[in-house]
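Before any comments, here is the structure.
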Amino acid sequence: MTERDKPWLFRTYAGHSTAAASNALYRSNLAKGQTGLSVAFDLPTQTGYDSDHVLARGEVGKVGVPIAHLGDMRTLFDGIPLDAMNTSMTINATAPWLLALYIAVAEEQGADPAALQGTVQNDIIKEYLSRGTYICPPKPSLRMITDVAAYTGRHIPKWNPMNVCSYHLQEAGATPEEELAFALATAQAVLDDLKGKVPAEEFPGMVGRISFFVNAGIRFVTEMCKMRAFTELWDEICRDRYGVEDERHRRFRYGVQVNSLGLTEQQPENNVYRILLEMLAVTLSKNARARAVQLPAWNEALGLPRPWDQQWSLRMQQILAYETDLLEYGDLFDGNPAIAAKVEALKDGARAELRQIDAMGGAVAAIEYMKGRLVESNADRIARIEAGETVVVGVNRWQAGEPSPLTAGDGTIMVADPRAEADQIARLQAWRSARDGAAVRRALDDLRQAALTGANIMPPSIAAAKAGATTGEWGTVVRAAFGEFRAPTGVSRAPSNRTEGLDDIRAEVDAASSRLGRRLKLLVGKPGLDGHSNGAEQIAARARDCGMEIAYEGIRLTPEEIVAAARDEAPHVLGLSILSGSHIPLVAEVMERLRDAGLAIPVVVGGIIPDDDAAELRDLGVSRIYTPKDFELNRIMRDIVRIADPQAVAAE
């Protein structure tokens, strides 16, 4: 019988509501043949807040599992032997803390930490660029990344201390060349800092522990070539920049989640084919095959997927790995001139971007530059879809179709347990009451000292975890020691050169501004902890290019701060963007505060909003609601003109 290669790890990115509910989901997925865990944490956990913090309101358990202390982590992995598991934790700003909790639970289970296998994402630079779950400024954040790497290299040698993440770069609009360059520049920034923390003889081995987490879009031939380019460029960088001689330490090791940005709300059943084709990009080429694959569910543009939806994606992986003959062959594309030419073109483009970033002083110094490039590239992407140059089946071509039985009736998406937040807060408060407060204070003092003196952050984080400290307390210490940071938005006040085709809308804005007595003004706000800012940035940029005055200060604002901005900025329309599923409580509070402040400003809301929630938002007084199906930004701009100036309708 033909010898077959070993399949990649099968993972499902999962976590919701509570640690107990997530544990049940993990055990169920493992029983179905999943071979590794990929933990999704909620936004308070990702940003270093406890579940009862004001910014956590409405966000607890929505996009992942809330982990506030050792008890939560203990529950999350109950009955799952960590020394026999390969666990990926998608966590960045609080990566040292979540790894500390994981180590503490593993030791409680009787495991030797040296036997643990897995990954923390721990890539803060892409958080500044695209995902938004950062806490501290770049320099101390980079220091904590390399603290984790130095600690794991010594104590958890099988652990990957960083997953350089280009996934969200593509979601934010990166071209393949930008995705390659920005990710590789991030890896270089980390390795340059790490060199001073480990002995020279250990450094090549640490280079070999750096892994990547990538995106694979629908243009699957280009995406496959991108992966081959990644492998060749990484080998080149490790050899030439860092002098790594052992080929094993120069291997490009990566996991992947295929593209969620391209999943459509319209005709969502088509997403199954998109996910399959995107998976081929990271599995067909043996020399650039992923080490771990996780697939989104077909209905993620509609809301939270159900266990059955996740099972469907898992079965897709299993059928490819076990029913087909893919794993019986060597690389199918070696020697193909078309593939080789595309790979070289991608490498040339990436090298040009890397030279630009190096000339600016590296990835940390180039954050604002890279953010601006992403916003512009995303605007280009959206404009091509609007113009029909990029075809999206069911969206801008062939919109007519039969109703889907998959979306008929109730229960087609999972609804978060409305009691989960209150339950989590009650257990958090009980945890605080039952612990040894003096031991916690001593542990936090030690953590503070380590942060201030430059000592490795991991040992005192582990001690604080074992003492019973909470996620919010750990976050408070690092905020006090290192300060907080607001990343650039990438949206300048000056119009871009992308105004072609906007003449009619610009004339409407001018006319409305004349009737209003001043320039039509849009305030864009992102309440809560949701860091997915791509939509807000594109709305603000298009409004600017249409001639509106814009006010957009970025992510992570409280409803109180947004209403204060509305009072100070005096906009004609307030736009709220919330993609975390927390739209009901956050919008309700904004509307209530607007009324209390005597501000009669019309509000529009964008997000992944089910129909029932949309009806509730309208009852709250929201003027318009936009979901992923509303891809025509110019139509949204015309709506804003009409909302701001009702006379505009009569003037047509």
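The values are calculated or read from the model by the stated rules, or taken from the named source; none is laboratory data. Computed from a prediction, not measured in an experiment: that's the story for all the values here. Using ideal geometry, Cβ is built from the backbone for each residue, glycine included, and neighbour counts are taken over all protein chains shown. Protein only, heavy atoms only, side chains kept; ligands, DNA and RNA dropped before computing areas. Shrake-Rupley method; radii C 1.70, N 1.55, O 1.52, S 1.80 Å.
Can you tell me the accessible area per residue over the chain, all protein chains present, probe 1.4 angstrom, in square angstrom?
Details: 25300 Å² over 652 residues.
Heavy-atom accessible area per residue stands at 39 Å².
Once both labels are positioned 7 Å from their Cα atoms along Cα-to-Cβ, the gap between D619 and Q266 label points is 3.0 nm.
When peptides 467-476, 296-305, 267-276 are sorted by average Cβ neighbour count within 10 Å, with the highest value leading, the order is 467-476, 296-305, 267-276.
Estimated from the Cβ-Cβ distance and a Förster radius of 56 angstrom, the FRET efficiency linking R486 and A408 is about 0.80. Extension gain for A570-R315 works out to 86.5 nm (0.36 nm per residue, less the C-alpha to C-alpha distance). Straightening the chain between A597 and R441 buys 52.1 nm, computed as 0.36 nm per residue apart minus the Cα-Cα spacing.
Quick one: pull the percent of accessible area on the chain belonging to carbon and sulfur, 1.4 Å probe, ligands and nucleic acids left out. Its accessible area is 51 percent carbon and sulfur atoms. Taking 16 Å as the cut-off, the amide N atoms of segment 306-341 that come nearer than this to a point 7 Å along the Cα-to-beta-carbon line of E3 belong to 327-331.
Take the cross-link list K32/K286; K158/K286; K347/K521; K62/K371; K226/K371; K371/K629 and give me the ones stretching past 32 Å between alpha-carbons. The pairs that break the limit, which is 32 Å between Cα atoms, are K347/K521.
Which of the GluC sites (Glu not before Pro) found in segment 501-588 are in a DSSP loop and have at most 11 neighbouring Cβ atoms, other than their own, within 10 Å?
On the way: sites: E508, E537, E549, E553, E560, E561, E569; in loops: E553.
Here no loop site has a sparse enough neighbourhood.
Sorting the segments 27-34, 442-449 by their mean number of nearby beta carbons within 10 angstrom, highest to lowest, gives 442-449, 27-34. Computed on the Cα atoms alone, the convex hull of segment 89-240 gives a volume of 111 cubic angstrom per residue.
FRET efficiency for the A387 to L516 pair, using the beta carbon distance and R₀ = 22 Å, is estimated at 0.15. Given segment 79-120, what whole percent of its Cα pairs are spread farther than 12 Å? Beyond 12 Å sits 56 percent of the P(r) for segment 79-120. Stokes-Einstein diffusion for segment 156-200, with the hydrodynamic radius set to the Kirkwood value over Cα pairs and evaluated at 25 °C in a medium of 0.890 mPa s, equals 205 µm²/s. This structure gives Cα extents along the principal axes in Å, computed directly, and of [x] 82, 61, 49; [y] 73, 67, 53; [z] 76, 63, 50 that value is listed as [y]. Remark: segment 283-323 is approximated by an ellipsoid whose semi-axes, taken from the C-alpha gyration tensor as √(5λ), come to 23, 12, 7 Å, largest first.
Over segment 250-339, what per residue volume does the convex hull of the Cα atoms give, in whole Å³? Don't jump to the answer; show the numbers that get you there.
Working: hull volume 11.1 nm³, N = 90.
Taking the convex hull of the Cα positions in segment 250-339, it is 124 Å³ per residue.
Counting only Cα atoms, segment 15-121 measures 38, 28, 22 Å along its principal axes, largest extent leading.
Rounded to the nearest 500, the helix-only mean residue ellipticity at 222 nm of the chain stands at -14500 deg cm²/dmol, with each DSSP H run of n ≥ 4 adding -39,500 (n - 2.57).
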